[in-house]
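I have placed the structure first, in the form of structure tokens, so that the comments after it can refer back to it.
The values are calculated or read from the model by the stated rules, or taken from the named source; none is laboratory data. Predicted model only: the values in this text are computed from it and were never measured. Here Cβ is always computed from backbone atoms with ideal geometry, including for glycine, and neighbour counts include all displayed protein chains. Quick note on the areas: whole protein, heavy atoms, side chains included, nothing else; ligands and nucleic acids left out. Shrake-Rupley method; radii C 1.70, N 1.55, O 1.52, S 1.80 Å.
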Amino acid sequence: MPSSTLFTDAMKLTSAGDGVYDGELNEHWTIGEKVHGGAMLALCANAARTEHWAGAADENAQPIAVSGNFLWAPDPGPMRVTTTVRKRGRRVSLIDVELTQGDRTAVRAAVTIGEPEHHVPPLLSVNPVVPLMQPDPPPGLEPIGEGHPMADIVHLAHGCDIRPSLTTMAPRADGGPPVIEYWVRPKGVAPDVLFALLCGDVSAPVTFGVNRFGWAPTVQLTAYLRALPADGWLRVLCTTVQIGQDWFDEDHIVVDCEGHIVVQSRQLALVPPAQ
């Protein structure tokens, strides 16, 4: 039977006892043949949150920081997530997570659990997304789907409406750095904390902006959950500080339809070889 395309189904975990959870790396949440890194980070966050909730009454606590190291790129199929509680505090807890398939570890993550920011005015905010991107996708911006140039690679489109601005991916005429824009929301459900964390890794590699295409494996990814997302489109702005010969950084800022910064992320990845 084909697996469900719903994001909430892709995040389901079944307790095996002693902080261990079983689940599935869903075939629809992949880039090419490999499972999307943001989806695996979200699964690690979900396991840590579930384990925390099992031992605490505060269900307002969420994975406010998730720092993952990617050791191996697994295929869709069964997987296991093992959690280890390092600290259970009144405001902040720390849980280590390992995501394995068979006898190989794919992701090792440290997850900080706490209560994210409430929707109150911040003391200071430098939000570059709101003046640059409108809350809804501009008219005519096509979703990834049949006939779209990214449809054969970005299988996430089975489970979410994802609308990249293709004009922002190409090298800039002025030689400036790439600034990539996306509008994203899950199909059939409202965006939640885990989907917002996934969106911290939703963009195509910024190396597109220097004509380097192909697989750009993430080595390390850290995402911060700043607030709970409102129901609607999530706007994602992807930038970089430096694209080296071997390594590049990639930053995401995820903003909800009400203008709140919900996720910030930074990753270190390998530059694809010249073609």
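What the table shows:
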| read-out | value |
| --- | --- |
| Any hit, segment 228-243, residues being assigned to a strand (DSSP E or B), open to solvent by 30 Å² or more (accessible area, probe 1.4 Å), within 21 Å of A109 (Cβ to Cβ) and touching a strand residue (DSSP E or B) at 6+ places or on another chain (Cβ under 9 Å) | no |
| Unmet criterion (only one of (1) open to solvent by 50 Å² or more (accessible area, probe 1.4 Å); (2) part of a strand (DSSP E or B); (3) of a type in the set (F, W, Y)) for W215 | (2) |
| Pairs where the first residue, in segment 15-41, is open to solvent by 30 Å² or more (accessible area, probe 1.4 Å) and the second is basic (K, R), C-beta under 8 Å, 6+ apart | A16/R80; D22/R80; E24/K12 |
| Some residue of segment 166-184 being within 20 Å of the chain's Cα centre (by Cα) and among the basic types (K, R) | no |
| Selection status of R108, open to solvent by 20 Å² or more (accessible area, probe 1.4 Å) and more than 16 Å from the chain's Cα centre (by Cα) | no |
| Total residues in segment 156-175, condition out of contact with any Pro (no Cβ under 8 Å at 6 or more places or on another chain) and assigned to a helix (DSSP H, G or I) | 3 |
| Residues of segment 1-23 satisfying the condition of being more than 27 Å from V202 (Cβ to Cβ) and at pLDDT below 95 | M1 |
| Segment 34-55, residues that are over 18 Å from Q264 (Cα atoms) and assigned to a helix (DSSP H, G or I) | A47, A48, R49, T50, E51, H52, W53, A54 |
| Contacts under 8 angstrom Cβ, first residue in segment 201-213 being under 27 Å from R185 (Cβ atoms), partner among the charged types (D, E, K, R) and surrounded by fewer than 22 Cβ atoms within 10 Å (Cβ to Cβ), 6 or more apart | P205/R212; G209/R172 |
| Test: residue in segment 4-21 that is assigned to a helix (DSSP H, G or I), within 25 Å of R90 (Cβ to Cβ) and of a type in the set (D, E, K, R) | no |
| Pairs with Cβ under 6 Å, 6+ apart, first in segment 84-101 and at pLDDT 95 or above, second assigned to a loop (DSSP other than H, G, I, E, B) and not aromatic (F, W, Y) | Q101/P74 |
| Residue among D136, D58, D75 that alone is touching a Gly at 6+ places or on another chain (Cβ under 9 Å) and outside any strand (DSSP E or B) | D136 |
| Counted residues, segment 42-74 - those being among the acidic types (D, E) and either under 21 Å from S203 (Cα atoms) or surrounded by fewer than 23 Cβ atoms within 10 Å (Cβ to Cβ) (or both) | 2 |
| Flag for P178 being in contact with a Lys or Arg (Cβ under 9 Å, 6 or more places away or on another chain), part of a loop (DSSP other than H, G, I, E, B) and over 30 Å from Q242 (Cα atoms) | no |
| Where a residue in segment 221-249 is free of Cβ contacts under 8 Å to residues at least 12 places away in the same chain and its partner, wherever it lies, is in a strand (DSSP E or B) and crowded, with 17+ Cβ neighbours inside 10 Å, with Cβ under 8 Å and at least six apart | Q242/F248 |
| Every residue from segment 251-263 that is open to solvent by 10 Å² or more (accessible area, probe 1.4 Å) and farther than 13 Å from S125 by Cα | D251, C257, E258 |
| Number of the condition not met by P137 [criteria: (1) under 17 Å from D256 (Cα atoms); (2) surrounded by fewer than 21 Cβ atoms within 10 Å (Cβ to Cβ)] | (2) |
| Counted residues, segment 86-105 - those being of a type outside the set (A, V, I, L, M) and open to solvent by 40 Å² or more (accessible area, probe 1.4 Å) | 10 |
